[in-house]
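Participant: One structure follows; several queries about it will come next.
Bear in mind that the values in this text are calculations on the coordinates, not laboratory data. Quick caveat: nothing in here was measured; it's all calculated off a predicted structure. Glycine gets a Cβ as well: all are built from the backbone with ideal geometry, and neighbour counts include every protein chain shown.
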Amino acid sequence: MDAYGLVLNAGSSSLKFCVYRRHEAEGWRLGARGQIDGIGSSPRLTARDDAGATLADRSPGAGVKDGRAALHVLAGWLEERLGGSPVLGVGHRVVHGGARYSKPCIVTPNVIEDLRALIPLAPLHQPHNIGAIEAVAERLPDVPQVACFDTGFHRGQPEVAELVPLPSEIRDAGVQRYGFHGLSYEYIATALPLVAPEIADKKVIVAHLGSGASLCAMRARKSVDCSFGFTALDGLCMGTRPGSVDPGVILHLLQALGLSVPEVETILYEKSGLLGISGISNDMRELLENPDPRARLAVDYFVYQAAKHVGALAAVLGGVDALVFTAGIGEHSAVIRRRICEACAWLGLTLDEAANERHGQRISRAGSRVSAWVIPTNEELMIARHAGALLGISAAAPAGTAHRSTK
Ligand code: ADP
């Protein structure tokens, strides 16, 4: 009989999921990818199979008011689709593992308590991640669960990279640079030996450029620094988040402009970045197509900040051997890759224009001292692998063979 594994990524208004099917001969294969979005407003369940064919597109009704209700809708749909086939385990994306959880772990009541204690460090995400774990425990009480952390891959960085230089009593309360997008970077680290063995264990900067955007400096496939810091607001310009901002600006908003803390939070998470600069959109595709000078400025700033942070991380690494692009913009936008690579020419990077245009795997010229690559990320497969390994159920498909479908 087929058996299944479920990967969940629970947010404030959406529950994203992947269903992996264990195939006797092939290991884990993606069976379905989907989401319930509009939770609390106009919920919609959509799912596609590995080839992109629609498996579900329906409105489960206005009763889906929170993540718990969404999980029950998903469980009902899975029962319909899977018949009596067992779900062997559920892997969760959990935004924060704190200083303690550097590796994925099987969820126990103690783990849930530890994760709850981290809510103040990630109030917008952690409660939803924990809520999904609890909802699964309620609906599928016998199915083991694994928590995989977005911060985990960055633990073990040098002390100076993790430091937030504030007084010790503040640091002792957990204020440090954690870094995020760790599951994406870990996936790339596992794919590098297959895709680019010649640079896999050298000095590599990975650019995860999606709605959220960050860079990770790796030495021998270990994270040594990340442009994200205490929260996922730092570093590069993002769709709606500003990236690095002088903290004095935040004081100015609170003190001189009299904004409330929730207002500032909304500005920082939802109204800044590409959207804030352009006043048009947070979507890179739309901005690239729009001739409005504000759209051009937003794109210019995005590229400027990405190149500036590549320079900073090259200094951290003491040189760089390769630059890897991943996530929505990194995988699909030849023009953004070209512009960032051109800005990094001083490092010794020469772009292969034709390879870049066709989204080839290696997009730098043969003689380029720094090579450039496009590697599609797959955070869900990383979670499935961790869950499979921890629960002692067979491994997923090898790295580099099962890319996430594009959006
Ligand atoms: P997330 O998973 O964080 O929601 P993605 O990794 O899917 O985000 O990236 C979303 C971003 O990728 C959006 O800004 C979108 O416009 C951009 N994107 C996707 N395809 C393209 C493309 N062909 N050209 C430019 N940008 C693209």
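Participant: Consider the stretch 344-371. How many of its residues are in contact with an Asp or Glu (Cβ under 9 Å, 6 or more places away or on another chain) and within 15 Å of Ser333 (Cα to Cα)?
Facilitator: 5
Participant: Still on this structure, please answer the following. For the stretch 154-167, which positions are within 15 Å of Thr231 (Cα to Cα) and in contact (Cβ under 8 Å) with a residue 24 or more places away in the chain?
Facilitator: Within the stretch 154-167, His154, Arg155, Ala161, Val164 qualify.
Participant: Another question, if that's okay. In the stretch 272-281, what residues are surrounded by fewer than 21 Cβ atoms within 10 Å (Cβ to Cβ) and within 12 Å of the ligand (Cβ to nearest atom)?
Facilitator: Leu275, Ser281
Participant: Then there's this: Checking Leu313 against (1) more than 22 Å from Phe153 (Cβ to Cβ); (2) buried (at least 19 other Cβ atoms within 10 Å of the Cβ); (3) of a type in the set (A, V, I, L, M): exactly one of these is not met. Which one?
Facilitator: Only one criterion is unmet by Leu313, namely (1).
Participant: Give the stretch 146-198 a look and list any residue that's surrounded by fewer than 23 Cβ atoms within 10 Å (Cβ to Cβ) and touching a helix residue (DSSP H, G or I) at 6+ places or on another chain (Cβ under 7 Å), or say none.
Facilitator: The answer is Val164, Gly174, Gln176, Arg177.
Participant: Within the stretch 227-250, identify whether any single residue is within 16 Å of the ligand (Cβ to nearest atom) and on the phi > 0 side of the Ramachandran plot, and answer yes or no.
Facilitator: Yes, some residue in the stretch 227-250 is within 16 Å of the ligand (Cβ to nearest atom) and on the phi > 0 side of the Ramachandran plot.
Participant: Tally time: how many residues in the stretch 206-224 are out of contact with any Leu (no Cβ under 9 Å at 6 or more places or on another chain), assigned to a strand (DSSP E or B) and either within 11 Å of the ligand (Cβ to nearest atom) or within 16 Å of Leu323 (Cβ to Cβ) (or both)?
Facilitator: Total meeting the criteria: 1.
Participant: Does the stretch 318-370 hold any residues that are closer than 17 Å to Leu209 by Cα, among the polar types (S, T, N, Q) and touching a Ser or Thr at 6+ places or on another chain (Cβ under 8 Å), and which are they?
Facilitator: Result: Thr326, single match.
Participant: So which residues in the stretch 311-337 are closer than 17 Å to Lys222 by Cα, touching a helix residue (DSSP H, G or I) at 6+ places or on another chain (Cβ under 7 Å) and outside any strand (DSSP E or B)?
Facilitator: Ala314, Val320
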